[in-house]
Amino acid sequence: MKLFPYGHATHPQWQMAAELTLAQVRAQMALHGYASSPTLALLYITDHYALQAQDILDHLSAELPEITDWSGTVGVGIAANNAEYFDEPALALMLCELPTDQYRVFSGVAPLGLGFEAHTALIHADASTPDLGELIEEMAQRTDSGYLFGGLASSRSKTVQFAVGGDGNISGQGAARGVFSGGLSGVAFGAGIKLVSRVTQGCLPVARAHQVTQADKHVVLALDDEPALDVMLRDLHISLEQPQEALAVVRATLVGLARAQDGNRGVAVSDAPAVRQTGHFGNDVLVRHIIGLDPGQRGIAVAEPVAPGTQLVFCQRNAQAAKADLIRICAEIREELEPEELPLAAVTALHASEAEAAPHPARGIAGAIYVSCAGRGGPHFGAPSAELQIIRRALGDVPLVGFFAGGEIARNHLYGYTGVLTVFAAP
């Protein structure tokens, strides 16, 4: 598998950003080691361009007539290699060269048919879609692996998704239209496409995990057979006798939930600790807000229905924990993909200075998609583009695009305050 050409640019006029991006991908397509005959394009735009989404797709499709399949969405920020664009007009584009019988683009008007066996899928979704959680669960059940990755579009104006399928489109003739709002869209991949995906959490536990022993829908009534409110006050070292100070701490606190059973395959996960020995959350933990307190029942209300048997741990957002966990998942991906022995030329390229380093096939990664929470990014990590620069240093310089979402999707779950990093690996 060759490297996927990619480009990104910012400009007040979308036409200029598109031309700058096209120049980058065309230059890469002419280089040795890069794909020269891509068929699938992943396109992400910031919400500054949301109202021009159809014009952007029409233009890019006409300029790249060999591309018959398009997928993507809008975000308040977008990601590209070691750069992120927040609060500015920008777009990012990656061209994937994949066997056409190993993927299908789908949307609400062109759902995934029964004739394609999906192993996994990239999902773009609209947060306003009714029963979104059930739709994600249903989509996961339609894949062999039960694993989805992606996120919810985020926008301060119009929320859009790109979805153009090759069925009925003629290669070399372009294939515009395909801008949608609402529902789900994305790309389903067959078993022949090797993907490696990891979830990185961004919160730090402030106490040990507890077991929910009594709950009523969103209200947790008892933890370890003690009133839930009393356990929370003890874990957070606060008292309702000082309500202002206590309220400030509670507002900064979230809960990590590890369900008693994985609803995707009915696999019990209650024996898996919510907090690993290294202090980070596992992939099974969903972070949710505390939305209220119930002094009468000594309970706490959280933004997720909770069943008895669930593990619950109080946590807070923490930049250092998020950085360490992001580095961890990048290291895991590299360890899984990079061979133990590399040719001398590859070793030399991979150990070049950062200024000279460039994507290299020896990493075993053709391209990557990163979906991060809109509350993360440079502002959370301490500097502009800091989150993407961490990935570049830890994973290596690889073609990468993505967006900052209103919720992140991994497996059959909808996460918050996380990042989902997925790479296309050489078979």
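The values are calculated or read from the model by the stated rules, or taken from the named source; none is laboratory data. The structure displayed is predicted, hence computed values, not measured ones. Neighbour counts are summed over all protein chains in view; Cβ atoms, including those assigned to glycine, are modelled from backbone coordinates with ideal geometry. For the accessible areas, the whole protein counts, side chains as well, though only heavy atoms, and no ligand, DNA or RNA atoms are used. Shrake-Rupley method; radii C 1.70, N 1.55, O 1.52, S 1.80 Å.
Starting from region 289-308, keep only residues that are more than 21 Å from LEU414 (Cβ to Cβ), then list their pairs with residues that are hydroxyl-bearing (Ser, Thr, Tyr) and surrounded by 16 or more Cβ atoms within 10 Å (Cβ to Cβ) whose Cβ atoms are within a distance under 7 Å, requiring at least 6 positions of separation or different chains.
Here the result reads PRO308/THR213, each pair linking region 289-308 to a residue that is hydroxyl-bearing (Ser, Thr, Tyr) and surrounded by 16 or more Cβ atoms within 10 Å (Cβ to Cβ).
From the list GLN173, GLN211, which residue is open to solvent by 30 Å² or more (accessible area, probe 1.4 Å), polar (S, T, N, Q), over 23 Å from the mean Cα position of the chain (by Cα) and at pLDDT 90 or above? Reasoning before the result, please.
Numbers: GLN173 fails: at pLDDT 90 or above.
Of the residues listed, the single one that is open to solvent by 30 Å² or more (accessible area, probe 1.4 Å), polar (S, T, N, Q), over 23 Å from the mean Cα position of the chain (by Cα) and at pLDDT 90 or above is GLN211.
Cβ-Cβ below 6 Å, separation at least six or inter-chain, first residue in region 185-208 and open to solvent by 30 Å² or more (accessible area, probe 1.4 Å), second among the small types (Gly, Ala, Ser): which pairs?
LYS194/ALA425; LEU204/ALA321
Test TYR103 against the stated conditions and say whether it is among the aromatic types (Phe, Trp, Tyr), open to solvent by 20 Å² or more (accessible area, probe 1.4 Å) and either free of Cβ contacts under 8 Å to residues at least 24 places away in the same chain or touching a strand residue (DSSP E or B) at 6+ places or on another chain (Cβ under 6 Å) (or both). Before the answer, list the steps.
Values: among the aromatic types (Phe, Trp, Tyr): yes; open to solvent by 20 Å² or more (accessible area, probe 1.4 Å): no; either free of Cβ contacts under 8 Å to residues at least 24 places away in the same chain or touching a strand residue (DSSP E or B) at 6+ places or on another chain (Cβ under 6 Å) (or both): yes.
In short, no.
Within the group GLY202, GLY183, which residue is within 30 Å of GLN54 (Cβ to Cβ) and either in contact with a Ser or Thr (Cβ under 7 Å, 6 or more places away or on another chain) or at pLDDT below 95 (or both)? Working first, answer last.
On the way: GLY202 fails: within 30 Å of GLN54 (Cβ to Cβ).
Of the residues listed, the single one that is within 30 Å of GLN54 (Cβ to Cβ) and either in contact with a Ser or Thr (Cβ under 7 Å, 6 or more places away or on another chain) or at pLDDT below 95 (or both) is GLY183.
Scan region 68-95 for residues that are among the β-branched types (Val, Ile, Thr) and surrounded by fewer than 24 Cβ atoms within 10 Å (Cβ to Cβ) and report the count.
Adding up the residues that qualify gives 1.
Go through (1) open to solvent by 10 Å² or more (accessible area, probe 1.4 Å); (2) within 21 Å of ALA188 (Cα to Cα); (3) modelled with pLDDT of 95 or more one by one and return the number of the condition ALA125 breaks.
Only one criterion is unmet by ALA125, namely (1).
Name the residues in region 107-126 that are within 21 Å of VAL401 (Cα to Cα) and not acidic (Asp, Glu), would you? I'd like the intermediate steps shown before the answer.
Initial filter on region 107-126 (within 21 Å of VAL401 (Cα to Cα)): 107, 120-126.
Within region 107-126, SER107, THR120, ALA121, LEU122, ILE123, HIS124, ALA125 qualify.
Could you tell me which of the residues ASP55, ASP101 is more than 24 Å from GLY407 (Cβ to Cβ), modelled with pLDDT under 95, charged (D, E, K, R) and outside any strand (DSSP E or B)? Let's see the steps before the verdict.
On the way: ASP55 fails: modelled with pLDDT under 95.
Step by step, each of ASP55, ASP101 is checked, and only ASP101 is more than 24 Å from GLY407 (Cβ to Cβ), modelled with pLDDT under 95, charged (D, E, K, R) and outside any strand (DSSP E or B).
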